[in-house]
Amino acid sequence: MKRTELVAYLHDFLGVEQYQDYAPNGLQVEGAEDVFIIVTGVTACQALIDEAVRLRADALLVHHGFFWKSEPLPIVGFKQKRIKALLANNINLLGYHLPLDGHPELGNNVELGRLWQLEDITPKEGLLRLGRLPAPVNVDVFKQKVSDSLMREVLHLPGGCEQVQTIAWCSGGAQNAIQDAMAWGADVYISGEVSEQTTHLAKEGGIHYFAAGHHATERLGIKCLGEHLAAHFGLEHHNIDIQNPV
């Protein structure tokens, strides 16, 4: 398919115009006009770009791309090396950040809810979600379920009751929304990262907090997006998971 067709489809499918983001969503580095092979991954690091080169990709789709608001503007150092590799191999780079967190069909947050088999999932403030387990379970049992599903041992900051059922979550670095989760009556709040004050907020607020990993909670959306494009347009798709302990 044509690059312009792919970019236009993703713009509409992901509802890019609904979001005010910290980086541009869409085409970030222009490459081949025709796209047959796509590679997906969480972050456009050098290791992922090298894999895209090895697989002769025409397009690399990521959740974390380039040109963040807090990022220095000069294209030097590792940024120069990454962009040079993309340009030298005629690879398009497309990045989708908040639109991929919030998408109702294959976004990171809806996929996490499916992964944990939650019911009555309700979108809340911004990208956050609230759902329920079919029945109350011991918090350690649910912690193990989350750890197993993400293939990563979560950090548990205890603060609530032993039995849990109502779960709030948001992928990535949304630990500061723990007070919103408290207000909704959640027994557990899950996000990717953790801050120093999160320990005290969980304990004093009567809620369990799981820091499940920024990378781990944001692997699903981009993989599902690649699978969707492959099925919809007949593209060859490779999802590459560059391990990240954070």
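Count of region 202-233 residues, restricted to those that are under 23 Å from Pro104 (Cα atoms) and either part of a loop (DSSP other than H, G, I, E, B) or among the charged types (D, E, K, R) (or both), is 8. Can you confirm whether Ala230 is of a type in the set (Gly, Ala, Ser) and under 22 Å from Ile49 (Cα atoms)? Considered against the rule, which asks whether it is of a type in the set (Gly, Ala, Ser) and under 22 Å from Ile49 (Cα atoms), Ala230 comes out as yes.
Looking only at residues in region 134-148 that are among the hydrophobic types (A, V, I, L, M, F, W, C) and more than 13 Å from Tyr189 (Cα to Cα), the one that is surrounded by the fewest Cβ atoms within 10 Å (Cβ to Cβ) is Ala135. Within region 50-70, which residues are on the phi > 0 side of the Ramachandran plot and either surrounded by 15 or more Cβ atoms within 10 Å (Cβ to Cβ) or under 23 Å from the mean Cα position of the chain (by Cα) (or both)? Scanning region 50-70 gives a single hit, Phe67.
Restricting region 163-191 to residues that are farther than 20 Å from Gln117 by Cβ, in contact (Cβ under 8 Å) with a residue 24 or more places away in the chain and not β-branched (Val, Ile, Thr), the residue that is surrounded by the fewest Cβ atoms within 10 Å (Cβ to Cβ) is Gln179.
Among residues of region 1-25 that are over 29 Å from Pro72 (Cβ atoms), those with a beta-carbon under 6 Å from a residue that is part of a loop (DSSP other than H, G, I, E, B) at least six positions away or on a different chain give the pairs Met1/Val35; Leu6/Val35. Taking the numbered list (1) of a type in the set (A, V, I, L, M, F, W, C); (2) closer than 30 Å to Ser147 by Cβ; (3) touching a residue at least 24 places away in the same chain (Cβ under 8 Å) in turn, Leu94 passes all entries but (2). Cβ separations smaller than 9 Å between residues 6+ apart or across chains give the following pairs from region 32-45 residues that are within 14 Å of Leu93 (Cβ to Cβ) to residues that are aromatic (Phe, Trp, Tyr): Val35/Phe233; Ala44/Phe66; Cys45/Phe78. Mind checking which residues of region 71-84 are over 21 Å from the mean Cα position of the chain (by Cα) and part of a loop (DSSP other than H, G, I, E, B)? Listed by number, the residues that qualify are Pro72, Leu73, Pro74, Ile75, Val76. Among the residues of region 1-55, which ones are aromatic (Phe, Trp, Tyr) and within 15 Å of Leu235 (Cβ to Cβ)? Selection gives Tyr9, Phe13, Phe36.
All of the numbers you see were taken from the coordinates with simple rules; none came from a lab. If you're wondering where the values come from, they're calculated on a predicted model, not measured in any experiment. Backbone-built Cβ (ideal geometry, glycine too); neighbour counts: all protein chains shown.
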